[in-house]
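Peer 1: Sending over a structure as structure tokens; questions will come in a sec.
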Amino acid sequence: MGVNPLNRAVFLDRDGVINQALVRNGLPFSPTNVAEFKWVEGIHAVSQQIISSGFDIFCVTNQPDVGRGLQERSVVEALHQLVLDELPIKKIYVCYHNGASQCDCRKPKPGLLLQAAEEFELNLSRSYLVGDRWKDIDAGNTAGCQTIFLDYDYDEDLRSLPNHVIGSIHAVAGLICSC
């Protein structure tokens, strides 16, 4: 497989972009069950606008609590099924490794984006990554995507600069659709 220059994608992080992250002590965490899963307001409409603009949508997410033994993989997969049932996401790429792993798929490494690019012949230079943490932005920058940082004012700093900073998911479609 190669790259089709016309194949553009928007990569969405899950927690904080698709669903609301649970914030504790200024840092975001994943929902631990289906009852804690709440959609980010506007994600349904924004995802439809992205698709209408000719982009495919993928989800790229770290879920290290599975690797740490703190979360059942079946719970994460149930949450992912909710996402796939309601949003026009082509595929969810997930890293289950804990933070100590030296895997290539855990963001800030670009492995999940590179897997999608290879599988779907995506042109990463014409694609976007939307994330709410430094790891997302670093992964998108390393992969060669345009990066959009959804700033929730968490108690952590970015390590590389995003191409765009927004305060609401509603701004994503305007940025992407205007390019």
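Peer 1: What percent do you get for the relative contact order of the chain when only Cα pairs under 8 Å and 6+ apart count? Could you put the intermediate results ahead of the total?
Peer 2: Numbers: 347 pairs, mean separation 47.2, N = 179.
This gives 26 percent for the chain.
Peer 1: Compute the acute angle (0 to 90°) between the alpha-carbon long axis of helix 111-120 and the principal axis of greatest extent of the alpha-carbon atoms of the chain; round to the nearest 10°.
Peer 2: 40
Peer 1: Taking the Cα atoms of the chain, report the difference between the largest and smallest coordinate on each principal axis, in whole Å and largest first.
Peer 2: 41, 33, 33
Peer 1: Nearest 10 degrees is fine. How inclined is helix 43-52 to the longest principal axis of the chain, computing both from alpha carbons?
Peer 2: That helix lies at roughly 20 degrees to the long axis.
Peer 1: Give the angle, between 0 and 90 degrees and rounded to the nearest 10, that separates the Cα long axis of helix 134-143 from the longest principal axis of the Cα atoms of the chain.
Peer 2: Taking Cα atoms only, the helix is inclined about 40 degrees.
Peer 1: Another one. Cross-chain or 8 or more residues apart, Cα under 21 Å: how many lysine pairs in the range 9-177 fit that? Count them up, please. List each step's numbers first, then the result.
Peer 2: Values: K38/K90; K38/K91; K90/K107; K91/K107; K91/K109; K91/K135; K107/K135; K109/K135.
Lysine pairs meeting both conditions in the range 9-177 amount to 8.
Since every read-out is calculated from the coordinates, none of them should be taken as a lab result. What you see is a predicted model, and the numbers here were worked out from it, not measured in a lab.
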